[in-house]
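Beneath this line is the structure, given in structure tokens, with notes to follow.
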Amino acid sequence: MTEKKTMATIYIMGKAYKVPSTLTIMKAIEYAGYRFIRGCGCRGGFCGACTTFYRVKNDYKLNVDLACQKIIEDGMYIVQLPFIPAEKPIWDLNKMKPTTDEVISVFPEITRCLSCNVCTAACPQDIEVMRAIQALRRGDLEKTVDLTFDCIACGACSIRCPAEITHYQVFQLARRAYGKYVMPKAKHVEERIKEIESGKFDEEIQRLMETSVDNLKGIYEKREIEPE
Amino acid sequence: MVIMVKVLYYPGCSLKNTYPEFEKSAYEVCKKLGLELVEIPDWNCCGVVPSLAADNVMRHIGAVRSFINAQEKGREIGTNIVVTLCSMCYNVLKRVNLILKEEPDMLETVNAFIDDQPDYIPELKIVHLLNLLKEIGFEKLEEKLNNPLRGLKVAPYYGCALLRPNKPDGVPIDDPENPTILENLIKSVGAEPVDFPFKMECCGNYHVVFEPNIVEMRTKKIIGSARSEKADIIVSSCPLCTYNLERGGGTVDRSEQIPVVFFTQLLALALGAEPYLPTELNINFKRNRRRKV
């Protein structure tokens, strides 16, 4: 195979680099010589810390993906946004009711939604973000919760929104209010909490705390892994 | 067996949050009249206030997305009629639909922007439930009455959104200078409409947020005028008007207050269906009638 086929040119902060074409964006950046000290996150597609905006040559669309998941394309211009500046209102779940009106009163920007759907286009998790916001206007909290289960709070939607909605924070409140007040309580959790409070695991924890680091590593490697 | 006619239905946010009784009573009334309201799937907020700038396409995307969903659903159930209850939603949807019908450029721009849904073909007909009732014929209502509201004096409050802006074949659901559609409806349920000069005055609208004194000044006039004509209740078709008449403007003397109900609640009561009125108000209705009959 020729080098042309296996290598691709990508642009990191505007500078061209030739990198193997099978790498993820994150690995390609590292291949190019950058070292992630922060903003690389879990490398597993779960944490939303490696949000990357990119454009491919000759395409007007601005795309968003997670750097640890997306395989590079030739002619990709990339920029990473590991942190999205956003206002975070303070709310007290204990003083709230699980209604869409309550969510809207904490995040009144929701009512500015223009229905442009740019948020949905920006979502690396393929969540129907606009539908989830509009469901709140329709009084349908459950739908918002269902649609946004996969949200990793990367914030790409919010940085693209012309109405300055911070969707990921809205959804977090919606899910927490729904989880606390609407969903059935998990019985096994209550039982486990009782066990913990009654001191069932105190002795074991104490023993672990007194174990040396090397022994801990051994115990960790031999640990029981939960079945799938 | 009653044959149910299906029409598309756009509820709007206020009916799902602040005033569910408006929607619930409307469902009851329509069931009695053989109308099935089919809620548009995944409708978006209408945009609340239509843009006054002719080229501000962006403000109308929400309405158009709802039209597209309505168009798809309408094909499935065989109708192109979209019914609204909220006056504001009616006003916005009607105006946006008219723009799209009359301005092919605007339609093209909107359809090009919405690249994640099918194109909108402006064939939907946006009507207010009052229009539809009139078309069915108020005399049909009279036939179905089982609880005529005799002796009840009702002030018909139109507000702005049902009648303005005045444009031939446009927004107004009736004569914009002297509408009578609500009066006819009130008569058809056996009640007595009162004529009061402020029936088309603006309630102050969204000024309730930042300039509540404007709303206070206006609603005092409207309620005072209905009161001086001895109205027992006011009927409205607008959640925001209802809110302003009931709660807008901080210092309105509550002893001067007249109950405000949605026209669908009045209809449901007369048709012997559940009107979703507050219990207290139900009693007042009965008392009023007993006193007057």
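What to note about this one:
- Accessible surface calculations at 1.4 Å, restricted to protein heavy atoms, place region B:5-129 at 38 Å² per residue.
- Protein heavy-atom surface of the protein assembly as shown, 1.4 angstrom probe: 52% of the accessible area is carbon and sulfur, with nucleic acids and ligands not counted.
- Members of region A:88-117 that become less accessible by 20 Å² or more once partner protein chains are added (1.4 angstrom probe, chain alone as reference): A:D101, A:L114, A:S115, A:C116, A:N117
- Angle in degrees between helix B:104-113 and the longest Cα principal axis of chain B, rounded to the nearest 10: 80 degrees
- Charge dipole (debye, nearest 20) of chain B; +1 at Cβ of Lys and Arg, -1 at Cβ of Asp and Glu: 1420 debye
- Pairwise burial B:A, computed as accessible area of each alone minus the pair, summed, 1.4 Å, Å²: 1300 Å²
- Each Lys or Arg adds one and each Asp or Glu subtracts one; over the other residues with Cβ under 12 Å from the Cβ of A:E204, this totals -2.
- Lysine pair count for region B:5-129 with Cα-Cα distance under 13 Å and sequence separation of 8 or more or different chains is 6.
- Using θ = phi - 60° and Karplus 6.51 cos²θ - 1.76 cosθ + 1.60, couplings along region B:206-214 (whole Hz; Gly, Pro as x): 6, 4, 4, 7, 10, 10, x, 5, 5
- Those Cys residues of chain A for which no other cysteine Cβ falls under 4.7 Å: A:C40, A:C50, A:C68, A:C113, A:C116, A:C123, A:C151, A:C154, A:C161
- Under the Debye formula (equal points on every Cα, no solvent term), log10 I(q)/I(0) of region B:5-129 at q = 0.10, 0.19 Å⁻¹: -0.29, -1.01
- For region A:118-204, the number of Lys pairs with C-alpha atoms closer than 21 Å, counting only pairs eight or more positions apart or on separate chains, is 5.
- Cross-link partners for B:K230 among the lysines, with Cα-Cα distance under 22 Å and sequence neighbours closer than 8 places in the same chain left out: B:K153, B:K187, B:K199, B:K220, B:K221, B:K286, B:K292.
- At least 20 Å² accessible surface lost relative to isolated chain, residues of region A:125-165 (1.4 Å probe): A:M130, A:R131, A:Q134, A:R137, A:R138
- Shape analysis of chain A based on the Cα gyration tensor places the equivalent ellipsoid semi-axes at 36, 31, 14 Å, largest first.
- Taking the square roots of 5 times each eigenvalue of the Cα gyration tensor of the protein assembly as shown, largest first, gives ellipsoid semi-axes of 54, 31, 20 Å.
- Under a model in which nothing but the beta-carbon of Lys, Arg (+1) and Asp, Glu (-1) is charged, region A:93-182 shows a dipole of about 220 debye around its Cα centre.
- Adding -39500 (n - 2.57) for every DSSP H run of four residues or longer, then dividing by how many residues the protein assembly as shown holds, sets the calculated 222 nm ellipticity at -12000 deg cm²/dmol.
- Gyration tensor (alpha-carbon) shape descriptor, region A:93-182, a/c threshold 1.5: prolate
- Put simply, the C-alpha atoms of region B:95-152 give a gyration tensor, and the ellipsoid matching it has half-axes of 41, 11, 9 Å, longest first.
The values are calculated or read from the model by the stated rules, or taken from the named source; none is laboratory data. As the structure is a computational prediction, the values presented were derived from the model and not from experiment. Every residue, glycine as well, gets a Cβ built from its backbone with ideal geometry; the counts of neighbours run over all protein chains shown. For accessibility, only protein heavy atoms count, side chains too; no ligands or nucleic acids. Shrake-Rupley method; radii C 1.70, N 1.55, O 1.52, S 1.80 Å.
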